[in-house]
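Accompanying notes for the structure given below.
Where a number appears in this text, it was derived from the coordinates with a stated rule and is not lab data. For clarity, every value in this text was computed on a predicted model and none was experimentally measured. Using ideal geometry, Cβ is built from the backbone for each residue, glycine included, and neighbour counts are taken over all protein chains shown.
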Amino acid sequence: GPGPPPRQGQGGKRCEGATRRGRPPAPRQPGRNNRNEHAKRILAVGGRDGPALLSSAAVRQLWAPWRMEYVSDRTPPEGCVLCAIDAGETDQERHVVERTAQTFTVLNLHPYSSGHLLVVPHRHVPDLVALSPAEGAGMFTALQRAMRALQAALGPDGFNLGVNHGRIAGAGITDHVHAHVVPRWDGDTNFMPVLADVKVLPEHLDRTAERLRAAYAGLGPDPSGP
């Protein structure tokens, strides 16, 4: 009859997936090959010390390089720009889209994306902790209304909301607290700001303000009062 099957190295091959003495295959341990692949990915995007270094393949950036001149400007402003907007004669010229008892909402003149809104308390205070309970509640309600109006007028896929406390945190206006509402669309990170230092805003601020005022009118009156 036939002899015993040849051992590995004697012309035979171990079947794929076979293990010694019936043991399951050991899980792959991170080693040199894995580290090399990670290094290749790092080098492929600009080098370990290059400007395009990525810490994770899942990280995506909302690029806004045109704002650097704005946030790095050390020229002291004359008075508070937000108070000046609040006291302005016409909301149309200032791009104010809503006023309530505690807040006003205005389009950002240096937007991250179309429809970028600022929700601002009327009272000139430097941070959230200085707000009264009524002012804090009014700001939160205004943020909700801003999201609803933007959804109705522009149909974004999501939002970024935030408050920058202090210049070190990115605040361009440090003495009058305000909250940002930034609408986001799938695919709004593209090559134009990265390669050309240009942000494409598809609509003029005046037209965006008109659309948002109409959307706010459709929301009905603010529950906190006029």
Please check which bits of the range 75-114 a label hung off T174 would reach, taking the label as a point 7 Å along Cα-to-C-beta and the cut-off as backbone N under 17 Å.
-> 75-82
Any chance you could run the full-extension gain for R184 through H110? It's 0.36 nm times the residue separation minus the Cα-Cα distance, nm to one decimal.
-> 25.1 nm
Estimated inter-spin distance, D157 and A214, nm [label 7 Å along Cα→Cβ] | 2.5
Hey, can you rank 207-216, 79-88 by average C-beta count inside 10 Å, highest first?
-> 207-216, 79-88
Residue-wise, which Karplus ³J(HN,Hα) couplings in Hz belong to the range 177-185, taking 6.51 cos²θ - 1.76 cosθ + 1.60, θ = phi - 60°, and x for glycine or proline?
-> 4, 7, 10, 9, 10, 10, x, 10, 10
